[in-house]
Amino acid sequence: MAKQKIMLGEWLPDQPGVIGAVTEAVNCYPVTNGYAPFRGESDLSDAAGAELLLAFGGKFANSISLFAGSATNLYKFSPADLDLDALTTTGYSNIEFWDVTQFGQTMIAANGSNKLQSYDLVLGTSFADLAAAAPAAKFVTVVKDFVVAANVSGDENKVYWSDINDETDWTPAAASQSDSQVLPDGGSITGLAGGEFGLVFMERAVYRMTYAGSPFFFQFDAISRSLGCISYGSVCQYGGFTYFLADDGFYVCDGQSLKNIGEEKVNRYFFEIASKSDLKLKMSSAVDPIRKLAMWCTPLQSGGYGIFIYSIPLNRWSYMDTTATSINSVLTATTTLEDLDNYSASLDALAVSLDDPQWAGGNLILAGTKDQKIITFGNSFKSAYISTGDIDVGRSTVMLARPIVDGGSGSIAVASRDNLGEQVLFGDSVAADAENRVSLRSNGNFHRLKLTPTGTNWKTAVGMEVDIFPQGNR
């Protein structure tokens, strides 16, 4: 008898299972010694009356607001009754995508059809044109002390910026630093990222935007003239790094260079299952700042959405099934005990724990939209599973397995094959008994094991011990 301890290593769907890498890591996220649980989706708001494209939040002083946008309106969430109250008097026409930033106490939204829209976080009652001269741009961000916008119909390769510390002044003049710049190569602008310097993403180029002072104000330097961003919603930031999707996979940019973070890991698999025709408009991204995860909500060829999860400190990936149609990082609105009655008549029956940060105002959390509602990820643990690569010890029988799950146990299924050309078919999942033993019987030359962690408080799925008996050949 051969006893093997199998540790759950890196998920590498672009690689063959025979190399020993994890072949599935679903509804969990990577940690140093395995995979940790991810909580499920839970409705935060009532229905808006229209399908939502994104949720976003803003905070100034003690004023905290949570918003959402659809193709026809912008809304503000009311914790008192869970309503999404419309914030525009006339609405919008067939908006495909919203991009949002905050400048001081002003929320600024771009949609590519209307002039930049603004909402005062302290005094506002509705969204309205930011300024008469504001561009009708698709993208908006803040670089140093300037509001920056880009991609106006007819000038898809042009960047605009306001006067310094004045988001309402977009008219170039002797006393103003407002101006614009055409980027002649790279195609249309497909996204912006802000901070101490800006990044301008184009179809076939990436530029760094650096403040240089009078007379040109901003200097534009090409980081790449051959590689660009293919999805508006794939751009997200953490610290000094910006993440995005290019033609050949996922990249990170530090403002000086580009690095492919999905190469020979998940890039091929991503393009195999993603709905390529929907990536441009329907992909969204966010960073979970607590767990340091960059996440991309992706439309799938099979229908619905899935989320690709990238651990920033570990440089490792996982995947999550989801009912969300978009994700974003938002600031939570304050919820009182009386407001909780809107979610459940009993505090004990709340789907989301009272300790969850979504109930305290001003916390940065991962949220999103599902059809017409804002959602959060604070429900009970999603059903996770992790599958090993092929165990190759010759003709053998898997007889027994023991889950190694910190804070819990698990169920295990096995798939055995005589050769690598056969389809991988897992048998029934068998739960561990009171002694944490799973009785199995499966014959073959190659074996894969699928672990489904169990327990309401499990923390880390580390691996499993397996008893394998060699078989003789006739």
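The values are calculated or read from the model by the stated rules, or taken from the named source; none is laboratory data. Predicted model only: the values in this text are computed from it and were never measured. Glycine also receives a Cβ, built like all others from the backbone with ideal geometry; neighbour counts cover every protein chain displayed. Areas reflect the complete protein model, heavy atoms only, side chains present, ligands, DNA and RNA absent. Shrake-Rupley method; radii C 1.70, N 1.55, O 1.52, S 1.80 Å.
One table, with the values for the structure above:
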quantity: Some residue of the stretch 75-82 being of a type in the set (Phe, Trp, Tyr), under 15 Å from VAL330 (Cα atoms), under 20 Å from the mean Cα position of the chain (by Cα) and modelled with pLDDT of 95 or more; calculated: no
quantity: Residue match in the stretch 221-230 (condition: of a type outside the set (D, E, K, R) and on the phi > 0 side of the Ramachandran plot); calculated: no
quantity: Test: residue in the stretch 442-463 that is free of Cβ contacts under 8 Å to residues at least 60 places away in the same chain, farther than 30 Å from LYS382 by Cβ, open to solvent by less than 20 Å² (accessible area, probe 1.4 Å) and of a type in the set (Gly, Ala, Ser); calculated: yes
quantity: Candidate set: the stretch 419-441, residues that are over 19 Å from GLY20 (Cβ atoms) and of a type in the set (D, E, K, R); chosen: the one surrounded by the most Cβ atoms within 10 Å (Cβ to Cβ); calculated: ARG437
quantity: Tally, over the stretch 439-468, of residues that are assigned to a loop (DSSP other than H, G, I, E, B) and not hydroxyl-bearing (Ser, Thr, Tyr); calculated: 4
quantity: Residue among THR90, THR125 that is without any contact (Cβ under 8 Å) to a residue 24 or more places away in the chain, on the phi < 0 side of the Ramachandran plot, in a loop (DSSP other than H, G, I, E, B) and over 27 Å from the mean Cα position of the chain (by Cα); calculated: THR90
quantity: Single residue of the stretch 212-267 satisfying the filter (of a type in the set (Lys, Arg) and closer than 25 Å to ALA25 by Cβ) that is most open to solvent (accessible area, probe 1.4 Å); calculated: LYS259
quantity: Condition check for GLY255: modelled with pLDDT of 95 or more and either within 21 Å of ASP321 (Cβ to Cβ) or in contact with a Ser or Thr (Cβ under 9 Å, 6 or more places away or on another chain) (or both); calculated: yes
quantity: Sole exception among (1) among the polar types (S, T, N, Q); (2) under 18 Å from ILE375 (Cβ atoms); (3) touching a residue at least 12 places away in the same chain (Cβ under 8 Å); (4) open to solvent by 20 Å² or more (accessible area, probe 1.4 Å) for SER65, by number; calculated: (4)
quantity: Near pairs, Cβ below 9 angstrom, 6+ apart or cross-chain, from the stretch 154-173 (of a type in the set (A, V, I, L, M)) to any residue that is in a loop (DSSP other than H, G, I, E, B) and open to solvent by less than 60 Å² (accessible area, probe 1.4 Å); calculated: VAL159/LEU183; ILE164/SER176; ILE164/GLN177; ILE164/SER178
quantity: Filter result for SER234 (polar (S, T, N, Q) and under 30 Å from LEU54 (Cα atoms)); calculated: yes
quantity: Tally, over the stretch 423-438, of residues that are hydrophobic (A, V, I, L, M, F, W, C), over 32 Å from the mean Cα position of the chain (by Cα) and in a loop (DSSP other than H, G, I, E, B); calculated: 2
quantity: Unmet requirement for ARG204, which otherwise passes all of (1) buried (at least 21 other Cβ atoms within 10 Å of the Cβ); (2) under 19 Å from LYS280 (Cα atoms); calculated: (1)
quantity: Segments classed as strands (runs of 3 or more DSSP E), wholly inside the stretch 233-313, with at least 1 members that are within 22 Å of PRO37 (Cα to Cα) and of a type in the set (A, V, I, L, M); calculated: 284-288, 293-299, 305-311
